[in-house]
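Reviewing the structure listed below.
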Amino acid sequence: MEQKTQTFAALYDALPPTEKNRITAEIINRCNVSLWTIQSWKSGCRKPKPKSREILAELFDVPTSEMFPETVN
């Protein structure tokens, strides 16, 4: 079986609408960020701070290194 990509964008986009609303509200509250910030993380324009990465890894039960892989250009 093929391994699915576990990036933040892939995980966030795969959520059903009601679960996405719940997770979004929890991210906003626990990370003290705006919806715009979540969208910028999803698009890859910005990366969350280390503490926020830990919270996201806990919420999605995925290692931070998979959610936000370091890319070398």
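Counting the residues of the stretch 6-17 that are without any contact (Cβ under 8 Å) to a residue 60 or more places away in the chain, under 10 Å from the mean Cα position of the chain (by Cα) and not in a helix (DSSP H, G or I) gives 0.
Within the stretch 4-54, restricting attention to residues that are among the polar types (S, T, N, Q) and farther than 17 Å from F68 by Cβ, the residue that is surrounded by the most Cβ atoms within 10 Å (Cβ to Cβ) is T24. Of all residues in the stretch 18-73, those satisfying the criterion of being in a loop (DSSP other than H, G, I, E, B) and either on the phi > 0 side of the Ramachandran plot or among the hydrophobic types (A, V, I, L, M, F, W, C) (or both) are N32, V33, G44, C45, D61, V62, F68, V72. A count restricted to the stretch 39-73 and to residues that are out of contact with any helix residue (DSSP H, G or I) (no Cβ under 9 Å at 6 or more places or on another chain) and basic (K, R) stands at 0.
Residues of the stretch 1-49 that are more than 17 Å from V62 (Cβ to Cβ), modelled with pLDDT of 95 or more and among the hydrophobic types (A, V, I, L, M, F, W, C): A25, I28, V33, L35, W36. Looking across the stretch 55-66, just one residue is exposed (fewer than 13 other Cβ atoms within 10 Å of the Cβ) and polar (S, T, N, Q), and that is S65.
The values are calculated or read from the model by the stated rules, or taken from the named source; none is laboratory data. All values reported here derive from a predicted model rather than from experimental measurement. Virtual Cβ from ideal backbone geometry, glycine too; neighbours counted across all protein chains shown.
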